Amino acid sequence: MSENPMKTIPGKKKSQSKLTPIRKALLAKVHIAKKDLALDDDEYMGALNRVARTDHGIVTSAAALSEDELTDLVEYFKTIGFKPRKTPAAQAREKQAAALRRRAMVIAADLPGGEKRLAGLAKKICGVELITWCHDPKTLKGLVAALTKIEKQEAADDDA
């Protein structure tokens, strides 16, 4: 009779045997940080055990850490010089968001009381006090659409 290859590793928590997207991303960041910071094995093990809040004794692998501990480890790596890079998709989203913010400001500049109206719409539509704090292209598209509608309505009122 053969062993079941799907068995969890003895002593490993079930929640840690599953790689959630967040956990997978955190583990990737940890390993990228280790490489970028050129940590040797002793320095890496020291960092793992610095953030470990477990009773398992010495931690020898990032996989043994919880998501909270992995987050703390990434934050620790940032304090010693790690600078996470944005993915190309994240860079594209930020570029699109910046273009939409600029477009919203241009439209608002042509409206009477535009700056104040833009701030109010940013709070109502984007949920932020300042438009520069909004980084979601979908929400910013809604803001631009609302400003465009206001601009057209006021232009039609001026023609009437």
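The values are calculated or read from the model by the stated rules, or taken from the named source; none is laboratory data. Note that the structure is a prediction, hence the values are computed from the model and not measured. Using ideal geometry, Cβ is built from the backbone for each residue, glycine included, and neighbour counts are taken over all protein chains shown.
Please find, among Gln91, Gln96, the residue that is at pLDDT below 90, under 19 Å from the mean Cα position of the chain (by Cα) and either of a type in the set (Asp, Glu) or not in a loop (DSSP other than H, G, I, E, B) (or both).
Gln91 is the lone residue from the list that is at pLDDT below 90, under 19 Å from the mean Cα position of the chain (by Cα) and either of a type in the set (Asp, Glu) or not in a loop (DSSP other than H, G, I, E, B) (or both).
Filtering the range 69-110 down to residues that are acidic (Asp, Glu) and exposed (fewer than 14 other Cβ atoms within 10 Å of the Cβ), which residue is nearest to Leu39 (Cα to Cα)? Steps first, answer last, please.
To start, the set of residues in the range 69-110 that are acidic (Asp, Glu) comprises 69, 72, 75, 94, 110.
From what's left, exposed (fewer than 14 other Cβ atoms within 10 Å of the Cβ): 75, 94, 110.
Values: Glu75: 15, Glu94: 31, Asp110: 54 Å.
Only one residue tops the list, namely Glu75.
All but one of (1) modelled with pLDDT under 90; (2) assigned to a helix (DSSP H, G or I); (3) of a type in the set (A, V, I, L, M, F, W, C) hold for Ile58; state the number of the condition that does not hold.
(2)
Any residue that is modelled with pLDDT of 90 or more, within 29 Å of Lys138 (Cα to Cα) and crowded, with 17+ Cβ neighbours inside 10 Å - is there at least one of those in the range 30-45? Explain how you work it out, then say what you get.
Start the filter on the range 30-45 by keeping residues that are modelled with pLDDT of 90 or more, which leaves 30-45.
Then keep just the ones that are within 29 Å of Lys138 (Cα to Cα); that gives none.
Within the range 30-45 (the criterion being modelled with pLDDT of 90 or more, within 29 Å of Lys138 (Cα to Cα) and crowded, with 17+ Cβ neighbours inside 10 Å), the answer is no, since none of the residues qualifies.
Pull up the range 111-131, narrow it to residues that are out of contact with any helix residue (DSSP H, G or I) (no Cβ under 6 Å at 6 or more places or on another chain), in a helix (DSSP H, G or I) and small (Gly, Ala, Ser), then point me to the one that is surrounded by the fewest Cβ atoms within 10 Å (Cβ to Cβ).
Going through the qualifying residues, I end up with Gly120.
Taking only pairs six or more apart or across chains, which ones have beta-carbon atoms under 7 Å, a first residue in the range 38-53 that is assigned by TED's automatic domain parsing to the domain that holds Leu27, and a second residue that is surrounded by 14 or more Cβ atoms within 10 Å (Cβ to Cβ) and among the basic types (Lys, Arg)?
Sorted first by the residue in the range 38-53, then by its partner, the pairs are Tyr44/Lys34.
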